[in-house]
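Just below is one structure, and these are the notes that go with it.
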Amino acid sequence: MLLVRVLSLAILGGGVILSVSVQAAPLQICLDKNFNAPFVYAEKIKGAGQLRGYSLELIKIIMEKTQTPYAIKSLTQTDIDSKIQNKSPNAGCDIILDVNKNVSHDNYLMLTNPIYSLHYDLVYNWESYMTGLGIKSLSEANKFKVCGVKNVDYGAVSKALNIQALNSIKDAVFNIKTKECEVFVAESVSMRYGQRANQYQVPPVGCVRLAGTEKAYHIGVAKHVVGAATVVASMQKALLESAKEMASLAEEYDINPTTCQQTLNIN
């Protein structure tokens with residue numbers, strides 16, 4: 001079996017002592033088959049499918065910097081949930097990407113610091129509302145026809161807005177053009193990716209930033225991984241050393257926030 005050495009740091013009396021432990025490798029990085037563009041997705045390059053994305057490229061950088069052997073595989077979300085929660089060291093999934101923390105994760109995952117964050121905006125056709133939506137509260141947005149996407153958790157936003165659920169972002173963008181929807185509740189990063197990938201064309205848009213809807217996303221390491229705490233600590237160190245690479249990837253995959261004309265705080 002292939003083995004990888006893991007360096008453990010201990011601080012004693014102001015000095016750093018390195019201790020070495022050994023764990024089975026490679027670590028299994030599991031990706032959801034239903035890709036999450038632009039963070040992980042498949043793209044045809046020279047006729048062949050190739051996995052790309054901000055989160056995928058970042059984890060590769062981290063694994064290289066920590067000199068940790070790894071393998072990447074795509075599974076259904078159901079299989080990933082089962083394998084990552086399995087307490088066996090050989091469960092089949094050791095690392096997952098794009099984890100939005102919740103209390104249940106404490107039972108089976110250790111998380112790195114956030115690798116990016118997303119938030120919701122109210123997106124509208126700028127040509128229809130050149131001076132903005134003119135709203136002073138989230139509830140006032142209900143005077144417009146608001147749409148969203150089915151099976152998306154909009155959290156507190158869904159309690160304040162009457163959201164018409166459409167099948168996809170593509171449908172919502174089309175309805176914004178035709179004015180069947182006047183406002184689209186969107187994580188604009190994903191909307192921009194669809195345009196970039198020529199899945200649809202987005203009209204000139206304005207947006208209202210919904211402050212208080214931010215969600216941080218992390219890399220998750222299963223607690224069943226031998227020396228999981230040490231693995232996460234080494235990843236944290238690599239992340240701190242990768243600020244320039246992260247900024248470059250954020251630019252390449254266009255995950256930085258859209259500039260909005262107005263901000264509403266929903267808290």
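May I ask you to list the residues in the stretch 14-42 that are modelled with pLDDT under 65 and among the hydroxyl-bearing types (Ser, Thr, Tyr)? Quick ask: steps written out before the conclusion?
Let us first name the residues in the stretch 14-42 that are modelled with pLDDT under 65, namely 14-24.
Within the stretch 14-42, SER19, SER21 meet the criteria.
When the residues of the stretch 219-244 are narrowed to those that are over 30 Å from SER82 (Cα atoms) and touching a residue at least 12 places away in the same chain (Cβ under 8 Å), which ends up surrounded by the most Cβ atoms within 10 Å (Cβ to Cβ)? Give the derivation first.
Narrowing the stretch 219-244 to residues over 30 Å from SER82 (Cα atoms): 240-244.
Remaining after also requiring touching a residue at least 12 places away in the same chain (Cβ under 8 Å): 241-242.
Values: GLU241: 12, SER242: 18.
Restricting to residues being over 30 Å from SER82 (Cα atoms) and touching a residue at least 12 places away in the same chain (Cβ under 8 Å), the top hit is SER242.
Among the residues of the stretch 42-51, is any among the aliphatic types (A, V, I, L, M) and under 20 Å from VAL232 (Cβ atoms)?
Of all residues in the stretch 42-51, those among the aliphatic types (A, V, I, L, M) come to 42, 45, 48, 51.
Among the residues that remain, those that are also under 20 Å from VAL232 (Cβ atoms) are: none.
There is no residue in the stretch 42-51 that is among the aliphatic types (A, V, I, L, M) and under 20 Å from VAL232 (Cβ atoms).
For the stretch 112-143, give me the residue count where each residue is surrounded by fewer than 17 Cβ atoms within 10 Å (Cβ to Cβ) and under 30 Å from THR68 (Cβ atoms).
Final tally of qualifying residues: 3.
What is the residue count in the stretch 160-218 for residues that are among the small types (Gly, Ala, Ser), in a strand (DSSP E or B) and surrounded by fewer than 16 Cβ atoms within 10 Å (Cβ to Cβ)?
3
Output the number of residues of the stretch 179-201 satisfying the condition of being under 17 Å from ILE135 (Cβ atoms) and over 23 Å from the mean Cα position of the chain (by Cα).
Within the stretch 179-201, the first condition is being under 17 Å from ILE135 (Cβ atoms), and the residues that meet it are 181-186.
Among the residues that remain, those that are also over 23 Å from the mean Cα position of the chain (by Cα) are: 181-183.
Adding up the residues that qualify gives 3.
Can you tell me which residue in the stretch 98-137 is nearest to PHE39 (Cα to Cα), limited to those that are among the β-branched types (Val, Ile, Thr) and assigned to a strand (DSSP E or B)? Give the steps one after another, and end with the answer.
First, pick out the residues of the stretch 98-137 that are among the β-branched types (Val, Ile, Thr): 99, 103, 112, 115, 123, 131, 135.
The next check asks that each one be assigned to a strand (DSSP E or B); those that pass are 99, 123.
Working: VAL99: 12, VAL123: 21 Å.
Only one residue fits best here, namely VAL99.
Of these, ILE11, ILE45, which one is loosely packed, with under 12 Cβ neighbours inside 10 Å, among the β-branched types (Val, Ile, Thr) and at pLDDT below 65?
Numbers: ILE45 fails: at pLDDT below 65.
ILE11 is the lone residue from the list that is loosely packed, with under 12 Cβ neighbours inside 10 Å, among the β-branched types (Val, Ile, Thr) and at pLDDT below 65.
Which condition from (1) over 27 Å from TYR253 (Cβ atoms); (2) out of contact with any Cys (no Cβ under 6 Å at 6 or more places or on another chain); (3) not hydroxyl-bearing (Ser, Thr, Tyr) is the one that LYS145 breaks?
(2)
Take the conditions at pLDDT below 95 and either under 29 Å from THR68 (Cβ atoms) or not aromatic (Phe, Trp, Tyr) (or both) and apply them to GLN236. Does it pass? Spell out the reasoning first.
Values: at pLDDT below 95: no; either under 29 Å from THR68 (Cβ atoms) or not aromatic (Phe, Trp, Tyr) (or both): yes.
No, not satisfied.
Is it true that some residue in the stretch 156-178 is charged (D, E, K, R), at pLDDT below 95 and either in the same structural domain as ILE80 (by TED's automatic domain parsing) or more than 23 Å from the chain's Cα centre (by Cα) (or both)? If you could, list the steps in order and put the result at the bottom.
Residues of the stretch 156-178 charged (D, E, K, R): 159, 170-171, 177.
Filter once more, so that each one left must be at pLDDT below 95: 159, 170-171, 177.
Going one step further and asking which of them are either in the same structural domain as ILE80 (by TED's automatic domain parsing) or more than 23 Å from the chain's Cα centre (by Cα) (or both), we end up with 159, 177.
There is at least one residue in the stretch 156-178 that is charged (D, E, K, R), at pLDDT below 95 and either in the same structural domain as ILE80 (by TED's automatic domain parsing) or more than 23 Å from the chain's Cα centre (by Cα) (or both).
The values are calculated or read from the model by the stated rules, or taken from the named source; none is laboratory data. Just so it is clear, the structure is predicted and the values come from calculations on it, not from any experiment. No Cβ is skipped: glycine too gets one built from the backbone with ideal geometry, and neighbour counts run over all protein chains shown.
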